Amino acid sequence: MEEYPEELRTPPVSLVSLVGCPELHSTISTYLHSEQPPINTLALPDFSKISVLSRSKKETLDSGQPGGILKRDWLLKHRTRSPAVVAALFGSDDVSGDPAQWLQVCTELENLKAVVRGRNIKLTVVVVQSFDKDEVSEDRMIALRKRAEIDSKYLLTFVQKSSSDLKHSLNRLGSIVAELANTYYRDEGRRVKTCIEKKSFSSVDLNIRYCFKVAVYAEFRRDWGEALRFYEDAYRALREIIGTSTRLPAIQRLVEIKSVAEQLHFKASTILLHGGKIIEAIAWFRQHHAAYKKLIGAPEVIFLHWEWMSRQFLVFAELLETSSAVIPSNTSLPLVTKDNKPLTESEFNPAYYYQLAAHYLREKKCCLELALSASEAVAEIESSADSVIPSVYVGQFARLLEQGDALVMQNLTDAEYVLYALAEGKRFQDSFEIIALLKKSFESYSNLKAQRMASYCSCQMAREYFSVGKFDNAKELFDGVASLYRKEGWTTLLWDVLGYLRECSKRLGSVKDFIEYSLEMAALPISSGDEVQSPIHKGEYGPAGCASLPQRERIYSEVFGIMKGESGLTSNEGNVTLNVTPERPIRLEIDLVSPLRVAFLASVAFHDQVAKPGASIFFTLSLISQLPQPVEIDQLEVKFNQSECNFTIASAQKAPISATSIGKTGARVVTAPVLTVVTNKWLRLTYDVTSELSGKLECKSVIARLGPLFTICCQAESPASMNDLPLWKFEDHVETFPTRDPALAFSGQKFIQVDEPDPQVDLVLGASGPALVGERFMLPVTIVSKGHEIHSGELKINLVDARRGAALGSPREMEPISTDSLHVELLGVSRPDGDDEPQTGQDNIWKIQHSFGLLSVPFVNLGGSWSCKLEIKWHRPKPVMLYVSLGYLPTSNGSTIQKVHAHKSLQIEGKTAIMIGHRFMLPFRRNPLLLSKIKVAPNSNQSTTLALNETSILIVSAKNCTEVPLRLVSMSIEMDENDIGKSCTVRQRDESQKDHALLVPGEEFRKVFSVIPKIHSPNLAMGTVCFTWKRDSGLDKQSDSNITEAGIITRHKLPDVNVEMAPLVVSLECPPHTILGIPFTCYVKIQNQTEFLQEVKYLIADSQSFLLSGSHNDMVSVLPKSEHILGYKLVPLASGSQQLPRITVTAVRYSAELSLPQATSTVFVFPSEPHFKMGNLKEKVTEIVTTGA
Amino acid sequence: MIVCIAVVGHQSFTEADDALKLHHIVHCSLDVIDERVNNPKKTGSTLNETYLGLLYPTENYKVYGYLTNTKVKFILVTTHLDVRDADVRNFFRRFHSAYVDAVSNPFHVPGKKITSQTFAERVSTIVKSFGLSSAV
């Protein structure tokens, strides 16, 4: 677009001529230029210059057969030389001055009129008011108007007294000038239009010219519709004269038509696009393209056609890019043009046109080269370009000849024109133009994320760089494109690009790149395809030619020739020779993502997952290649992460290349019968290695040496995680497993875990049954050396919750970590020598935490042993896993040797040893009335109630829940805070109870206490039962541990009791046993402890076992603080344990019944007087009898 | 004349003609398909429509696209510059059924190139009949 003249590129601008008063010209010009639309001014300082406005001689001659369609300078003329309006400026002094001055004005006006009238130029007269003078008289003004023969409104006075006046005057002048210009262009347009309508033109050429003029005049008036219509008319008319016009020689004729068509098309497209009619514009362009595409013209100047085509696309692309028009988003798609042809999105994209512009320019370049090579007369071409210039008509050229002083245009013959065109064509560097166009397209596509389109553009760019010999640039671009094609698996495209890359690296002298690209090409999955290129596709293919198997083989043998140093490769153009020298050996690296994996792939699979140190570890090394011919390898080096394992496999067929390279480090060398990798067939080699070091043994890489100067380093891959070959996986070829064992092919790994050496040490955890809560559980740990000495041993102890598998007391338990909250705690470790303190020494580690311990083990000789005891305390019953691990060095010297570890674990249950229970009982045959017991429902959760000052009985029981016998040390009740004597008396009832009783598993131990509460209190603390016990270690009572070990105290808090005063106490006095038929007396005592008189009802039920005397049923009054005794005489009628008649006492005041517990109101009846043999017992019985009596 | 038919699967493709230029055209047309598929609103085509229509015109060819449910793309490159949409639609329908038959072959490994002879014959029949029907 830039090569178009400005008057074509921009809409026409009206031109106004200013004459006279030159001092105002710049003010007026500036003002008019800033108007909307702008108006250009042609300023003539004085009236003598007006002749420039008159019609030149040449123009007047313009009547006969036209020499061309459009004049080249017609637009420019209307922009710079041919004004629409002339504004004559006269000073007011001159107008109102003396007659001489007036006459001068008149004359000037007359002259101007004469000039203006010839061209229908509009006239306006401006009288410029001086600053200090009065206005011009009315008469003079009228006279002036008459002289000028203009309408009164076109005569104006220009006042510049103040800035507002000046502005006003300028405004008026501007609007008048614009109006007049508009009239002028309308009139001119109309005049030409009548010519068209009347068909008063001698040739079609003139018709086109007239249409063009009408359109331009319409543009002057901003009448875009009419302009477009006439441009289209002109375009159509032009289309008709193709092939019919014979005014010029054929070649030049076509060139002219195309040039005019280009201009008309440009104008029409611009108007359409600026009007936002993007669909119409595209349709118009399409039609333009279709109409002229076939008009290639004479064969020798085809390049002109392509150049023209390219320009069409370029200009349209630029128009599209700069126009504000956007793709209508709301219209229903698919978009169609008026003639119902679908539009695609790409046609809205300037990139599409840039790309095609580049394409046609390339076409032009090719044709031009062809044409240049065809024409032999190079010198003639050089000379012919001289003195040929564009002629006055658009699209025509002429030779400028000097005839004397005058310059004469001479028409060219077609032959001359062709030579001129060739000479012109040679001057341009088309390649850079093409690259620039493609670059624009590339950027645009990249912005649209159309990656493939963009890469096509960059591929084209690279080809262009390649053709001009800029191999660096080409290679960079091609590399980018190749990676996309590789990723997407477009083999044919990749082949082509690689062909270029190969050639680029050859030209650049980069042997390594050349070999890499060549190998990749040779390994591409191309098996079919003719070797012979069809002539149609000639030129389309890159330096590698058409992809085919023979080509691959050729490339392969070429590159192996170089690699083996057999032949150098000299590139034809440059002076670069590609060969491999001993100074510069070639080493290729093939990693997991390298495109060269297709050429060489090494897979390593260990047969096992773990191995013992020092044992043979077998693995399979497999190599595959997709190169078209078998590859012979001289030797293979296998590298491991443990460099001692590295070894070399040499081919038996070939003598070792050089002794130095192999045996330098004393590494292992094995020979293999065949080291030839056949196409698509795994070469499987199975070897073994030995590793002394524990840990991971991984195969890092396999280095194949081919010839003395060439190595390929393949990163080893595990068959289990091996990716398919990127391009070959779509191919229908036989796929085999890298290992003989198919299972290994799926699971094989290139690494193996080498175990630690087996520990030759016994780690013994001497567990003795479950641990008991509360005790310090001693766990002996013994280390016995069996084959290793123990140096710098370290014992790690870990206590882990067996159920949760977490460390004890970890934050997961949601308890604050403190000693109390820990359920199980590692208290310490006792040394065998009893030294619990850590020794002060740097080597000694002594670290005990709640669940973790770390301690160092001193040196243990071969066969020796060391032991310690872990002290663990359970606070709650819980199973715990104890992990103990010993790490040590088998020898004292050498820090490189790895530590050997021995592990042991043990689950230990923690159990509750003692279960303590308690029970309160009423005193024997005595029942106090407790009011709170009557009021409250019996099942409510009320604490035990005891009567004040009455003796109650407390039975405390302790049961051994363990499986081991326990020895009781003591049992007592401790009061917490209150003094025992004050609140209540708790006394051990049976002093004769011996301590240190043995409790076998499951046995229960009971102890009876009597309790006398002394204080009236609703919740009296009863204290805590302290039960002290220890493990019974059998007969060995005198053993040290038993003496030193204090008993373990198990505490049991007794619940608080309610103590209240009993108002009435009923007690029964009765002998424990009687004899059948012998009467006995039984008393019921009712004790009133209150200050009131208590009325008491009593009821005695009959019993079959006894004969009863006394009142059955009565009510008595018991005086305050006194006692009433009911006496009964009873005769037993049945023997054995008999229930006494039931006596129920009811306190009227409290409506409470009191009866004695059934268990206590029994008496044993002997059938006759018993006779006991044993003396002391007899004595006792008689005693009883006497009591009974 | 139809110069090229391409089946572009997730990664694989088969072609009737292997001129380099056609490879380029087919490759670039994938961008257009991607755009159409990713912005269905902009192109206005409904989601269920498999026929993608004219993808883009090149200087000498027209490229039409078709996308199956399994995201396999069919691309047709023709030198006919005046093709009726219905013809192309019909062509793709027939081609799709041929393709479905070919990949349903138990010996065909999904993802590999289609090597079936029958498929090639069927495709060439369809291609020939396309020329005829549009001539009528």
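Structure above, values below:
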| read-out | value |
| --- | --- |
| Sole exception among (1) more than 11 Å from the chain's Cα centre (by Cα); (2) within 21 Å of B:GLY111 (Cβ to Cβ); (3) at pLDDT 80 or above; (4) more than 8 Å from chain A (Cβ to nearest Cβ) for B:ILE25, by number | (2) |
| Test: residue in segment A:481-493 that is outside any helix (DSSP H, G or I) and either out of contact with any helix residue (DSSP H, G or I) (no Cβ under 8 Å at 6 or more places or on another chain) or more than 14 Å from chain B (Cβ to nearest Cβ) (or both) | no |
| In segment A:494-517, the residues that are of a type in the set (A, V, I, L, M) and more than 14 Å from chain B (Cβ to nearest Cβ) | A:LEU501, A:LEU508, A:VAL511, A:ILE515 |
| Residue match in segment A:1058-1065 (condition: surrounded by fewer than 18 Cβ atoms within 10 Å (Cβ to Cβ) and either modelled with pLDDT of 85 or more or among the charged types (D, E, K, R) (or both)) | no |
| Qualifying positions in segment A:666-722 - of a type in the set (Ser, Thr, Tyr), closer than 19 Å to A:ASN641 by Cβ and part of a strand (DSSP E or B) | A:TYR687, A:THR690, A:SER701 |
| Pairs where the first residue, in segment A:680-707, is among the basic types (Lys, Arg) and the second is part of a loop (DSSP other than H, G, I, E, B), C-beta under 6 Å, 6+ apart | A:LYS700/A:ASN641; A:ARG705/A:ASP634 |
| All positions within segment A:460-480 that are part of a loop (DSSP other than H, G, I, E, B) and of a type outside the set (D, E, K, R) | A:VAL468, A:GLY469 |
| Pairs where the first residue, in segment A:1102-1115, is without any contact (Cβ under 8 Å) to a residue 24 or more places away in the chain and assigned by TED's automatic domain parsing to the domain that holds A:PRO1079 and the second is surrounded by 14 or more Cβ atoms within 10 Å (Cβ to Cβ) and of a type in the set (Ser, Thr, Tyr), C-beta under 7 Å, 6+ apart | A:SER1109/A:TYR1128; A:GLY1110/A:TYR1128; A:ASP1114/A:TYR1098 |
| Some residue of segment A:33-43 being without any contact (Cβ under 8 Å) to a residue 40 or more places away in the chain, in contact with a strand residue (DSSP E or B) (Cβ under 6 Å, 6 or more places away or on another chain) and assigned to a helix (DSSP H, G or I) | no |
| Meets criteria (at pLDDT 80 or above, among the hydroxyl-bearing types (Ser, Thr, Tyr) and closer than 20 Å to A:GLN160 by Cβ) for A:THR30 | yes |
| Residues located in segment A:744-779, provided they are over 50 Å from the mean Cα position of the chain (by Cα), of a type in the set (Asp, Glu) and surrounded by fewer than 16 Cβ atoms within 10 Å (Cβ to Cβ) | A:ASP762 |
| Among (1) under 16 Å from A:ARG597 (Cα atoms); (2) within 14 Å of chain B (Cβ to nearest Cβ) - the single one A:GLU520 does not satisfy | (2) |
| Number of the condition not met by B:LYS42 [criteria: (1) modelled with pLDDT under 60; (2) facing chain A (nearest Cβ under 10 Å); (3) surrounded by 15 or more Cβ atoms within 10 Å (Cβ to Cβ)] | (3) |
| Checklist (1) in contact (Cβ under 8 Å) with a residue 40 or more places away in the chain; (2) surrounded by fewer than 19 Cβ atoms within 10 Å (Cβ to Cβ); (3) closer than 21 Å to A:LEU494 by Cα; (4) of a type outside the set (Asp, Glu) applied to A:GLN451, failing item | (1) |
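The rows are residues; the columns are (1) surrounded by fewer than 16 Cβ atoms within 10 Å (Cβ to Cβ); (2) among the aliphatic types (A, V, I, L, M).
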position	(1), (2)
A:VAL136	no, yes
A:GLN160	no, no
A:GLU179	yes, no
A:ASP187	yes, no
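The values are calculated or read from the model by the stated rules, or taken from the named source; none is laboratory data. Every value quoted in this text rests on a predicted model; they were computed, and no experiment measured them. Virtual Cβ from ideal backbone geometry, glycine too; neighbours counted across all protein chains shown.
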